[in-house]
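The values are calculated or read from the model by the stated rules, or taken from the named source; none is laboratory data. Quantities reported herein were computed from a predicted structural model and do not represent experimental measurements. Only protein heavy atoms, including side chains, enter the accessible area calculation; ligands, DNA and RNA are left aside. Shrake-Rupley method; radii C 1.70, N 1.55, O 1.52, S 1.80 Å.
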Amino acid sequence: QVQLVESGGGLVQPGGSLRLSCAASGSIFGISAMGWYRQTPGKQRELVARITRGGSTNYADSVKGHATISRDNAKNTVYLQMNSLKSEDTAVYYCNAEWYRQTYWGQGTQVTVSS
């Protein structure tokens, strides 16, 4: 099994930046990819960015150019750097790990973009 702990959410002004962190523990050797998803009330959870074990990345069109996913293998941590934040980036952000045929989720961290 895999445990995921997110951190780094909070209140940020429009145009500001934020870095989310997701620390993985447990049976991490089986993780093939990790990603960040976000969800707002009444909407489905949507992919923000994903990075595979091989380092390949993909992003939602809505964040291309102002989000970067990266990882530190030594720390078993994945990061999501978001710049030029807009009000529409407000959501609960969830870390995700794909582990064999199972998916694990973190508890979520709130990001609010507001002046």
Report task. Give the carbon-plus-sulfur fraction of the accessible surface of the chain in %, rounded to a whole number; probe 1.4 Å, heavy atoms of protein chains only. Result -> 47 percent
Report task. Under 21 Å Cα to Cα from K64, which lysines show up? Leave out anything in the same chain fewer than 8 places away. Result -> K43, K86
Query - Those aspartates and glutamates that a straight Cα-Cα span of less than 16 Å connects to K75, excepting residues fewer than 8 apart in one chain - result: E6
Report summary line: Inter-part gap, Cα centre of segment 85-115 to Cα centre of segment 1-26, in whole angstrom, is 8 Å
Requested in this report: For the chain, build the convex hull from the C-alpha positions and give me its volume per residue in Å³.
Outcome: 95 Å³
Query raised in the report: Can you tell me the accessible area per residue over the chain, all protein chains present, probe 1.4 angstrom, in square angstrom?
Result: 54 Å²
